[in-house]
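Trainee: Quick one: this structure, given as C-alpha cells, is what I'll be asking you about.
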Amino acid sequence: MDHMNGAGAAGNAALRRDQAARMALVAAYCEGLGFAPIGAIAESDGLRIVAGGDLAQPRWWCRRAGDADRVAAAAAARLPRLAARHGGDVDGNQWLQLVDDAIAAAAKQLNVALRNHGEVCAEALAAVRRVDEEITKLQRVGGLKSVNKSYREYRIAATARGERIMRYADWMSKYRDKLVRELAAAMRAI
C-alpha cells in the first residue's frame with residue numbers, strides 16, 4: 001500500500017512539474033506578445049483586483065500594461081458595489097464571477113480590449129507545439145549542433161566558476177521558453 005502512495009505522490013509531483021512548465025511557456029508567450037495580466041489576489045475580506053506582476057492565476061490579458069492598470073483600478077472600484085448587490089454574502093466562486101464581471105465592465109467602459117486567459121493559454125500551447133515540432137525536426141537531421149555546442153560551452157564555463165550545472169533537459173526547457181518568447185515577439189511585430 002505504501003508503494004502505491006509513493007507512486008501516486010511521484011505522479012502528482014510530475015503532474016505539478018508539467019503544469020509549472022506549461023505555465024512558464026504561457027508566461028513566455030504572453031511576455032513575447034507584451035501582454036499584461038489582470039487578475040485577483042485573495043485577501044482576508046475577499047479578492048483584490050490587480051494588474052501586472054507575477055499573478056499566479058491571471059483571469060484576463062491586455063495588450064498594454066497601462067491599459068491593464070486602468071482596467072484593474074476601475075474594476076477594483078466597481079467590485080464592492082457588485083458584492084453589495086449580493087448582500088455581501090459572497091462565496092469563492094461568486095467572488096471570481098464578480099471579479100470577471102467587474103473587469104469586463106471596466107474594460108468595456110474604458111474601451112480596452114481584453115483577452116480571456118483560457119484563450120491565450122490555448123494560443124500559447126499551439127505556439128509551443130509548433131516550436132516542439134521544429135525542435136523534433138532539427139533533432140532528426142542533426143540541426144541542433146549549435147544548441148548542443150552552446151550547452152557544452154555553458155557547462156565548461158559553469159564548471160570553471162564552480163557553479164552547479166543545470167541538467168540538459170532543464171537547459172533545453174529554458175531554450176524552449178526563449179524560442180516561444182521570440183516567436184510571440186515576432187507575431188507581435190506582424
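The values are calculated or read from the model by the stated rules, or taken from the named source; none is laboratory data. Computed from a predicted structure; not experimentally measured. Heads up, the Cβs are rebuilt from the backbone with ideal geometry, glycines too, and the neighbour counts pull from every protein chain shown.
Trainee: Just to be sure before I move on: is residue 171 surrounded by 14 or more Cβ atoms within 10 Å (Cβ to Cβ) and either out of contact with any Phe, Trp or Tyr (no Cβ under 8 Å at 6 or more places or on another chain) or assigned by TED's automatic domain parsing to the domain that holds residue 59 (or both) in the structure I sent?
Mentor: no
Trainee: Do any strands (runs of 3 or more DSSP E) lying entirely in the stretch 21-112 carry at least 1 residues that are surrounded by fewer than 20 Cβ atoms within 10 Å (Cβ to Cβ), small (Gly, Ala, Ser) and not assigned by TED's automatic domain parsing to the domain that holds residue 178, and which ones are they?
Mentor: In the stretch 21-112, 36-43, 46-51 are the strands (runs of 3 or more DSSP E) which contain 1 or more residues that are surrounded by fewer than 20 Cβ atoms within 10 Å (Cβ to Cβ), small (Gly, Ala, Ser) and not assigned by TED's automatic domain parsing to the domain that holds residue 178.
Trainee: What are the residue pairs meeting all of these: first residue in the stretch 129-143, first residue within 21 Å of residue 28 (Cβ to Cβ), second residue surrounded by 13 or more Cβ atoms within 10 Å (Cβ to Cβ), Cβ atoms under 6 Å, and 6 or more apart or on different chains?
Mentor: 131/179; 131/180; 138/144
Trainee: Does residue 19 fit the bill of being among the polar types (S, T, N, Q) and in contact with a His (Cβ under 7 Å, 6 or more places away or on another chain)?
Mentor: So residue 19 fails the test.
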